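First the structure, then my questions, so here it is.
The values are calculated or read from the model by the stated rules, or taken from the named source; none is laboratory data. Being a predicted model, the structure only gives us computed values, none of them experimental. Glycine also receives a Cβ, built like all others from the backbone with ideal geometry; neighbour counts cover every protein chain displayed.
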Amino acid sequence: MSAPFDKNDDSVVVIIGTGAGGGTLANELAQKGISVVALEAGGRHLPQDYLNDEWPSFSQLAWTDMRTTSGSWRVATDFPNLPAWIVKAVGGSTVHWAGASLRFQEHEMRVKTEYGDIEGANLLDWPITLADLEPYYDKAEDKLGVTRTHGIEGLPGNNNFKVMKAGADKLGYKDCHTGRMAINSKPRNGRASCQQLGFCFQGCKMGAKWSSAYTEIPYGEATGNLEVREHAHVLQIEHDDNGMISGVMYADQEGNRHVQKCRIACVAGNSIESPRLLLNSASTMFPDGLANSSGQVGKNYMRHMTGSVYAAFENPVHMYRGTTMAGIITDESKNDPSRGFVGGYEMETLSIGPAFMAAFLNPGAWGREFSSAMESYSRMAGMWLVGEDMPQEKNGITLSEEKDQFDMPVANVHFDDHPNDIAMRNHAYQQGMAVYDAVGATQTYPTPPYPSTHNLGTNRMSEKPEDGVVNKFGQSHDIANLFVSDGSQFTTGASENPTLTIVTLAIRQADYIAEQMNSKAL
Amino acid sequence: MPTESILHAIPLERPGTNRELMKLTRRQLLSRTVAVTGSLVLGSSFIAASNAAWAVEVKALKPESMATLIQMARDIYPHDNFSDALYAAAVKGHDDKAAEDAEFKTLIEDGIAALDKAAQDAGHANYLATGWESDRTAILRSLESSDLFQTVRGGLVVGLYNQPEVWAKLGYEGSSFDKGGYLYRGFDDISWL
Ligand SMILES: Cc1cc2nc3c(=O)[nH]c(=O)nc-3n(C[C@H](O)[C@H](O)[C@H](O)COP(=O)(O)OP(=O)(O)OC[C@H]3O[C@@H](n4cnc5c(N)ncnc54)[C@H](O)[C@@H]3O)c2cc1C
Ligand code: SF4
């Protein structure tokens, strides 16, 4: 059969969500000749549609359906209905992402062993090692065209990077460069090279940055084995009397309900929507939701320890010119408990425009201190701090009292920082400010975390079924033909930006699914 | 009221046609003048800059209230190189909303009455007549949790800072794709390091 597929065709693999995980898996399976229906809640936006304008772009791309928040994190006060910054569109958050593509470090796959027991943290070793992932990391880096891997040249440093680099040198940091970026420094694989537009977060109008929206998805569609249904918002996953997944129920743009039958279902809606969907699919046979015999669905939500440091200088920087995140200091990403916390963090260049700066620099602040910071905009440099946060069982996604436009309970996102997260953030603020002070900053602004861009861990991978939701291939421990294919599989978060690893796991999962289908195990 | 969420507090479109400022000639302005307060001229249904550089039609609120909102906006995010027109454009939406929503109109007018009352308690004629910024911000601090303050501050985040003219004042160059990006326009031109 070739696309489009009949809704009663129960031989297809259904993938829910077309972002980093879902988009990659869809293409990988389609390339192997497997019939795939990918259901995507959002519409399709391509480079010609992207807007070099922050709020209109946000309106175009972001997930703005209702969500609620709780917990002591500041986001719950400042942005109570915007816990996370996630895209609702074909390509998912890879339309917004900045392209930073780093491998995990070896010890980050086994942190329970490495860090020992930490009070309040629900640590667990991954059921796989870095060595298991390495061949797949190779494939993922090649697919994404990651600079500084496979002989691909690094990007040139922009003004914001040059300030970071000068500060890093003064402080004696050894490893500071323009990053491993899924952004073409030279034209490659049909994608143009970066023109230094400075709107990486708004969707790359050059197509220089990898996004599954204009790579994986059309490549998969070209095989004839992949059908992408846009504005198909999955509400429930259905099972048969044997407890195997039989199909998924979704609403189309008009709100009409449909069921797509399937042989296998793969959930890839990002770490907030994926557990919500499993919980909303509770049935008499699975009263606590699907794949939830461990009780871990929705738990252990991680968002990375984050924060930003902006600094004002006497003279112009124009940090917004050029690639948003092509600059990194990795010296602090090691595990060195003598700093007062376990795990490590990366420092990465970051720039946002004045429209976002006003909303995120210090939400709620006003008066001359704030407006004078805004007036230093053209003299500002900025960096993002991103480090490993502790999985905590109490942090997570539960079903809220509130309902969405389809009358389904929305996700409530609960988060409290762990003391280790706070100690790491304070250290990172100090070091970030020191980098800029070393090159003559006149003011520094330790900026609180934004709504979460890295959402991880809510359907975690575990060796034992009682510790997590999925096995080492992302297959649910409870239901053999139900997979999780996005960042919610992460057992722990590591200090690196997650997407390269999400893509790596999806490539590996595609091999496993194909093998299981071939052997008729599924 | 907690700080409102970005998504609910903020009209994501920027000041557009319906919020655009009127153009008046100086003669029209003088012939319609009712009162003058500071740099603003109040008419019966509009307020304007005293040099007629811009004017704003007021549909539902009292012109004095609109003038107070503009001053409040400046006191919340003071930029001495921004003209009142930028602040007027940023708060104009509250008048539009008040024209359609009686409850909202009451929120604004009652809030401004409370603001003037606080100014009187501090020995001033009203908020607009309070001479020093530090005295006005002290009054605002005392009313920081009020609906009026939260509404005005929340709306300004986008209403003020999402205006391309404001970006230019802050030294931001806006959209770049249409200009070929910064590859040949200074992405790495920093010279002082
Ligand atoms: C501004 C920004 C910058 C970032 N920069 C980086 C970076 O530099 N490096 C990095 O590694 N990561 C970065 N990230 C994070 C990265 O984008 C995410 O980690 C990654 O895309 C997550 O992949 P995912 O497959 O889990 O989910 P997503 O990519 O978010 O995809 C989920 C998809 O599922 C769809 N969906 C959800 N629920 C349903 C449903 N019920 N039915 C149908 N469809 C549904 C959504 O609409 C969405 O399209 C950034 C993120 C943002 C927002
Ligand atoms: S800076 Fe480069 S990667 Fe970013 S949007 Fe522009 S062309 Fe794309």
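Consider the stretch B:134-151. How many of its residues are within 12 Å of chain A (Cβ to nearest Cβ), of a type outside the set (Gly, Ala, Ser) and closer than 11 Å to B:Ala122 by Cα?
Taking the stretch B:134-151 first, the residues within 12 Å of chain A (Cβ to nearest Cβ) are B:134, B:136-138, B:140-141, B:144-145, B:149-150.
Imposing the further condition that a residue be of a type outside the set (Gly, Ala, Ser) reduces the set to B:136-137, B:140-141, B:144, B:149-150.
Those left that are additionally closer than 11 Å to B:Ala122 by Cα: B:136.
Number satisfying all stated conditions: 1.
Which ones in the stretch A:290-307 are of a type in the set (Ser, Thr, Tyr) and under 18 Å from A:Pro498 (Cα atoms)? Steps first, answer last, please.
Restricting attention to the stretch A:290-307, the residues satisfying the condition of being of a type in the set (Ser, Thr, Tyr) are A:293-294, A:301, A:306.
Passing the criteria: A:Tyr301, A:Thr306.
Then there's this: For the structure I just gave you, tell me whether B:Gln28 is within 10 Å of the chain's Cα centre (by Cα) and either surrounded by fewer than 19 Cβ atoms within 10 Å (Cβ to Cβ) or within 19 Å of B:Ala119 (Cα to Cα) (or both).
Details: within 10 Å of the chain's Cα centre (by Cα): no; either surrounded by fewer than 19 Cβ atoms within 10 Å (Cβ to Cβ) or within 19 Å of B:Ala119 (Cα to Cα) (or both): yes.
The answer is no for B:Gln28.
Where in the stretch A:11-76 are there strands (runs of 3 or more DSSP E), lying fully within it, with 2 or more residues that are more than 16 Å from ligand 2 (Cβ to nearest atom) and within 25 Å of A:Asn412 (Cα to Cα)?
Here the list reads A:13-16, A:68-70.
Would a scan of the stretch B:161-168 turn up a residue that is away from ligand 2 (no atom under 16 Å from the Cβ) and among the small types (Gly, Ala, Ser)? Write out each step before concluding.
Here is the first cut: in the stretch B:161-168, the ones away from ligand 2 (no atom under 16 Å from the Cβ) are B:161-168.
Narrowing further to those that are among the small types (Gly, Ala, Ser): B:168.
There is at least one residue in the stretch B:161-168 that is away from ligand 2 (no atom under 16 Å from the Cβ) and among the small types (Gly, Ala, Ser).
Whether any residue in the stretch A:245-255 is away from ligand 1 (no atom under 14 Å from the Cβ), among the charged types (D, E, K, R) and surrounded by 20 or more Cβ atoms within 10 Å (Cβ to Cβ) is what I want to check.
Within the stretch A:245-255, none of the residues are away from ligand 1 (no atom under 14 Å from the Cβ), among the charged types (D, E, K, R) and surrounded by 20 or more Cβ atoms within 10 Å (Cβ to Cβ).
Looking at the stretch A:33-57 only, could you name the residues that are within 15 Å of ligand 1 (Cβ to nearest atom) and more than 9 Å from chain B (Cβ to nearest Cβ)?
Within the stretch A:33-57, A:Val36, A:Val37, A:Ala38, A:Leu39, A:Glu40, A:Ala41, A:Gly42, A:Gly43, A:Arg44, A:His45, A:Leu46, A:Ser57 meet the criteria.
Given the conditions (1) within 14 Å of another protein chain (Cβ to nearest Cβ); (2) surrounded by fewer than 21 Cβ atoms within 10 Å (Cβ to Cβ); (3) within 16 Å of ligand 1 (Cβ to nearest atom), which single one is not true for A:Gly440?
(3)
Let's see how each residue does on (1) away from chain B (no Cβ under 14 Å); (2) aromatic (Phe, Trp, Tyr):
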position: A:Thr68; (1), (2): no, no
position: A:His96; (1), (2): yes, no
position: A:Ala100; (1), (2): yes, no
position: A:Phe104; (1), (2): yes, yes
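Can you work out which of the residues in the stretch B:152-162 that are facing chain A (nearest Cβ under 9 Å) and in contact with a Lys or Arg (Cβ under 9 Å, 6 or more places away or on another chain) is nearest to A:Cys200 (Cα to Cα)?
B:Asn162
Can you tell me which residues in the stretch A:364-403 are touching a residue at least 60 places away in the same chain (Cβ under 8 Å), buried (at least 18 other Cβ atoms within 10 Å of the Cβ) and charged (D, E, K, R)?
Scanning the stretch A:364-403 gives A:Arg379, A:Glu388, A:Asp389.
Suppose the filter is within 16 Å of ligand 2 (Cβ to nearest atom) and either away from chain B (no Cβ under 14 Å) or touching a Leu at 6+ places or on another chain (Cβ under 7 Å) (or both); does A:Ala326 pass it?
Working: within 16 Å of ligand 2 (Cβ to nearest atom): yes; either away from chain B (no Cβ under 14 Å) or touching a Leu at 6+ places or on another chain (Cβ under 7 Å) (or both): yes.
Criteria met by A:Ala326.
Tell me, which helices (runs of 4 or more DSSP H) wholly within the stretch B:14-112 include 1 or more residues that are touching a residue at least 40 places away in the same chain (Cβ under 8 Å) and within 23 Å of B:Ala138 (Cβ to Cβ)?
Working: elements: B:26-32, B:63-76, B:84-100.
The helices (runs of 4 or more DSSP H) meeting that bar are B:63-76, B:84-100.
Specify which of the listed residues (A:Ala89, A:Ala30, A:Ala98, A:Ala62) is within 14 Å of ligand 1 (Cβ to nearest atom) and over 26 Å from A:Met383 (Cα atoms). Don't jump to the end; show me each part of the working.
Working: A:Ala30 fails: within 14 Å of ligand 1 (Cβ to nearest atom); A:Ala98 fails: over 26 Å from A:Met383 (Cα atoms); A:Ala62 fails: over 26 Å from A:Met383 (Cα atoms).
Testing whether each residue is within 14 Å of ligand 1 (Cβ to nearest atom) and over 26 Å from A:Met383 (Cα atoms) leaves just A:Ala89.
With the condition kept exactly as written, say whether any residue in the stretch A:338-353 is crowded, with 24+ Cβ neighbours inside 10 Å, at positive phi and touching a helix residue (DSSP H, G or I) at 6+ places or on another chain (Cβ under 6 Å).
No: the stretch A:338-353 contains no residue that is crowded, with 24+ Cβ neighbours inside 10 Å, at positive phi and touching a helix residue (DSSP H, G or I) at 6+ places or on another chain (Cβ under 6 Å).
Another question, then. State all residues of the stretch A:350-370 that are more than 17 Å from B:Gln150 (Cα to Cα) and not aliphatic (A, V, I, L, M); if no residue qualifies, say none. I'd like the intermediate steps shown before the answer.
Taking the stretch A:350-370 as the starting set, the residues that turn out to be more than 17 Å from B:Gln150 (Cα to Cα) are A:350-357, A:361, A:368-369.
Of everything in the stretch A:350-370, those that are more than 17 Å from B:Gln150 (Cα to Cα) and not aliphatic (A, V, I, L, M) turn out to be A:Ser351, A:Gly353, A:Pro354, A:Phe356, A:Arg368, A:Glu369.
With respect to A:Asn335, is the statement that it is more than 14 Å from ligand 1 (Cβ to nearest atom), more than 14 Å from chain B (Cβ to nearest Cβ) and in a loop (DSSP other than H, G, I, E, B) true?
yes
Right, next: Please indicate, with yes or no, whether at least one residue in the stretch A:288-303 is outside any loop (DSSP other than H, G, I, E, B) and in contact with a helix residue (DSSP H, G or I) (Cβ under 9 Å, 6 or more places away or on another chain). First the steps, then the outcome.
We begin by selecting, within the stretch A:288-303, every residue outside any loop (DSSP other than H, G, I, E, B); these are A:302.
Then drop every residue that is not in contact with a helix residue (DSSP H, G or I) (Cβ under 9 Å, 6 or more places away or on another chain), which leaves A:302.
Yes, some residue in the stretch A:288-303 is outside any loop (DSSP other than H, G, I, E, B) and in contact with a helix residue (DSSP H, G or I) (Cβ under 9 Å, 6 or more places away or on another chain).
Still on this structure, I have one more. Output the residue which, of all residues in the stretch B:169-193 that are more than 16 Å from ligand 2 (Cβ to nearest atom) and not in a helix (DSSP H, G or I), is surrounded by the fewest Cβ atoms within 10 Å (Cβ to Cβ). Spell out the reasoning first.
Within the stretch B:169-193, the first condition is being more than 16 Å from ligand 2 (Cβ to nearest atom), and the residues that meet it are B:169-171, B:190-193.
Keeping just the survivors that are not in a helix (DSSP H, G or I) gives B:171, B:190-193.
Details: B:Gly171: 17, B:Ile190: 23, B:Ser191: 7, B:Trp192: 11, B:Leu193: 14.
This residue is B:Ser191.
Also: Can you name every residue in the stretch A:447-502 that is among the aromatic types (Phe, Trp, Tyr) and part of a loop (DSSP other than H, G, I, E, B)?
A:Tyr450, A:Phe473, A:Phe490
Only residues that are within 14 Å of chain B (Cβ to nearest Cβ) and away from ligand 1 (no atom under 16 Å from the Cβ): list them for the stretch A:186-200, please. Walk me through it before giving the result.
Of the residues in the stretch A:186-200, the ones within 14 Å of chain B (Cβ to nearest Cβ) are A:186-187, A:192-200.
The answer is A:Lys186, A:Pro187, A:Ala192, A:Ser193, A:Gln195, A:Gln196.
Could you check the stretch A:256-273 and list, in sequence order, the residues that are crowded, with 23+ Cβ neighbours inside 10 Å and more than 7 Å from ligand 1 (Cβ to nearest atom)?
Looking only at the stretch A:256-273, we keep the residues that are crowded, with 23+ Cβ neighbours inside 10 Å, and these are A:260, A:262, A:264-273.
Of everything in the stretch A:256-273, those that are crowded, with 23+ Cβ neighbours inside 10 Å and more than 7 Å from ligand 1 (Cβ to nearest atom) turn out to be A:Gln260, A:Cys262, A:Ile264, A:Ala265, A:Cys266, A:Val267, A:Ile272.
Could I ask something else about it? State whether the residues of the stretch B:115-122 include one that is part of a loop (DSSP other than H, G, I, E, B), within 16 Å of ligand 2 (Cβ to nearest atom) and surrounded by fewer than 16 Cβ atoms within 10 Å (Cβ to Cβ). Write out each step before concluding.
Just the residues of the stretch B:115-122 that are part of a loop (DSSP other than H, G, I, E, B), to begin with: B:122.
Then drop every residue that is not within 16 Å of ligand 2 (Cβ to nearest atom), which leaves none.
No: zero hits.
Can we say A:Gly207 is within 14 Å of chain B (Cβ to nearest Cβ) and either modelled with pLDDT of 95 or more or surrounded by fewer than 22 Cβ atoms within 10 Å (Cβ to Cβ) (or both)?
Working: within 14 Å of chain B (Cβ to nearest Cβ): yes; either modelled with pLDDT of 95 or more or surrounded by fewer than 22 Cβ atoms within 10 Å (Cβ to Cβ) (or both): yes.
It is true that A:Gly207 is within 14 Å of chain B (Cβ to nearest Cβ) and either modelled with pLDDT of 95 or more or surrounded by fewer than 22 Cβ atoms within 10 Å (Cβ to Cβ) (or both).
Those residues that are surrounded by fewer than 20 Cβ atoms within 10 Å (Cβ to Cβ), part of a loop (DSSP other than H, G, I, E, B) and within 14 Å of chain B (Cβ to nearest Cβ), I need them from the stretch A:144-172; list them, please.
A:Gly154, A:Pro156
Then there's this: The conditions are (1) touching a Lys or Arg at 6+ places or on another chain (Cβ under 8 Å); (2) at negative phi, and A:Thr223 fails exactly one of them. Which is it?
(1)
Among the residues in the stretch B:166-187, are any within 11 Å of another protein chain (Cβ to nearest Cβ), on the phi < 0 side of the Ramachandran plot and under 15 Å from the mean Cα position of the chain (by Cα)? Outline the logic, then answer.
In the first step, residues of the stretch B:166-187 are kept if they are within 11 Å of another protein chain (Cβ to nearest Cβ); the result is B:166-187.
Next, from what is left, pick out any that are on the phi < 0 side of the Ramachandran plot: B:166-170, B:172-173, B:175-179, B:182-185, B:187.
In the following step, the residues that additionally are under 15 Å from the mean Cα position of the chain (by Cα) were identified as B:166.
There is at least one residue in the stretch B:166-187 that is within 11 Å of another protein chain (Cβ to nearest Cβ), on the phi < 0 side of the Ramachandran plot and under 15 Å from the mean Cα position of the chain (by Cα).
Any idea how many residues of the stretch A:91-143 are part of a helix (DSSP H, G or I) and within 16 Å of ligand 2 (Cβ to nearest atom)? First the steps, then the outcome.
Keep residues of the stretch A:91-143 that are part of a helix (DSSP H, G or I), which gives A:92-94, A:106-109, A:111-115, A:130-143.
Right, trim to within 16 Å of ligand 2 (Cβ to nearest atom) and you get A:93-94.
Residues meeting the conditions: 2.
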